[in-house]
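Right, one structure below, let's go through it.
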Amino acid sequence: MTVAPTLAGYKAVGKIYNALMTGLVLALVTRKSADAAAQFVEGHFRRQHLEKFLPGLKKLGLDGLPDAVACAQYHYFSNALGGVKTEYFAENDRKAWVRYPPPRWIWQGAAICGIPSRVNAGMLHGWHGHNGVSLGNNRLGFVCTGQTVDGSPGLEGYYFDYDREISESERVRFAYDEPTPDYDAAKAPKLDMADWPEERLKKVERAYAMEYVRSLVPTMLALFGPDETRVHLGHAARLIGMQFYDETAALLGAAPGSPRAFADYLGGLAAAQGEHIEIAEEGGAVVLRQTGWRLMDGLDPHPAAFDAWNHLWEGALAVHNRRLKLITTRTNDGIEWKISA
């Protein structure tokens, strides 16, 4: 039986991968150090920036705008399409604001209480402060006027063209005494939503969360090596799989208890991720076969990354039915999961 993707599946994939990113950062804070977590967040967002920023500007049709305005609108549009609450305001061609009001997508729920200020700032150093470098504009920096994790009513700040060459330390500057202007949705720029029907938007939200996983895996491997990736990412993944099983299973309409029901659950998630999935019953077990691994297509990460990621599904199975066994095998052309009593 081949499994087809669904809109509910797209939402479930986005939910569990969003949680995995949050959970990994918290795991690094509590099990390693806040400095290690900040290093990871900065590296993760720098990797995403280098891959996505310039192509994204062009795709959104913003590459002809003044640099400060283009950068702020890029965050406004790209985050909004990914399901993130975002605001934008331009004072002039050299100063444009972007604001991420609560609830923060990346630090969902009560998790925001466990994120140190310097960890949250890592995303600004990794992405926002590098925009001018990528654009070849050594006058452009980002000024942060508030962080939600510090108690401000949003992560907020503005891109500013200083009209002079700035130092590396000025690429991200913190000025908490500067008030943020009010957001006026009626005056904010808008995308032509005729090009964004519901299914496309759900796919974008799913892809937004998937890209976090595609970035976090090589970032963990590069910074901390395969052994620590297996330990810290694997720990976070198992907890997230357990904690978010009920919510994602409800989205997918998964039945409780049986090996086949869990195969349908896992197959629904994988199909929504864009994988080709076949499910069959063989010798008293249910076998789910996946061709390739689209999530990591083109990256070929260390086997430790696969082991850590797979803890998501081991954690989910522990809640679905803790008496069942999950045997996972990497094959020449993909992945095989065998679920049995």
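The residues of segment 93-123 that are crowded, with 20+ Cβ neighbours inside 10 Å and not hydrophobic (A, V, I, L, M, F, W, C), listed by number, are R99, Y100, R104, N120, G122.
Please report, ordered by residue number, the strands (runs of 3 or more DSSP E) entirely within segment 278-341 with at least 3 residues that are surrounded by 15 or more Cβ atoms within 10 Å (Cβ to Cβ) and either at positive phi or at pLDDT 95 or above (or both). Outline the logic, then answer.
Details: elements: 285-291, 325-331, 334-340.
Because the criterion is at least 3 residues that are surrounded by 15 or more Cβ atoms within 10 Å (Cβ to Cβ) and either at positive phi or at pLDDT 95 or above (or both), the strands (runs of 3 or more DSSP E) in segment 278-341 that meet it are 285-291, 334-340.
Is it the case that segment 40-51 has a residue that's part of a helix (DSSP H, G or I), over 16 Å from the mean Cα position of the chain (by Cα) and crowded, with 19+ Cβ neighbours inside 10 Å? Show your work before the answer.
We begin by selecting, within segment 40-51, every residue part of a helix (DSSP H, G or I); these are 40-51.
Cutting the leftovers down to over 16 Å from the mean Cα position of the chain (by Cα) gives us none.
So far as segment 40-51 goes, no, none of its residues is part of a helix (DSSP H, G or I), over 16 Å from the mean Cα position of the chain (by Cα) and crowded, with 19+ Cβ neighbours inside 10 Å.
Hey, among the residues in segment 76-92 that are free of Cβ contacts under 8 Å to residues at least 40 places away in the same chain and crowded, with 21+ Cβ neighbours inside 10 Å, which one's nearest to A12 (Cα to Cα)? Checked segment 76-92; the qualifying residue nearest to A12 (Cα to Cα) is T86. Is it true that G126 is buried (at least 16 other Cβ atoms within 10 Å of the Cβ) and either free of Cβ contacts under 8 Å to residues at least 12 places away in the same chain or on the phi > 0 side of the Ramachandran plot (or both)? Here the answer is no, as G126 does not meet what is asked. Residues that are more than 16 Å from S117 (Cα to Cα), part of a helix (DSSP H, G or I) and not hydrophobic (A, V, I, L, M, F, W, C) within segment 1-39 comprise G9, Y10, K11, G14, K15, Y17, N18, G23, R31, listed in sequence order. Selection within segment 154-175: residues that are in a loop (DSSP other than H, G, I, E, B) and at pLDDT 95 or above. The member of this set that is nearest to the chain's Cα centre (by Cα) is G154. Residues being within 19 Å of the chain's Cα centre (by Cα), farther than 26 Å from A37 by Cβ and either among the basic types (K, R) or assigned to a helix (DSSP H, G or I) (or both) are represented in segment 204-216 by at least one member.
The values are calculated or read from the model by the stated rules, or taken from the named source; none is laboratory data. Because the structure is predicted, anything quoted here is derived from the model rather than measured. So basically every Cβ, Gly included, is an ideal-geometry build from the backbone, and we count neighbours across all protein chains shown.
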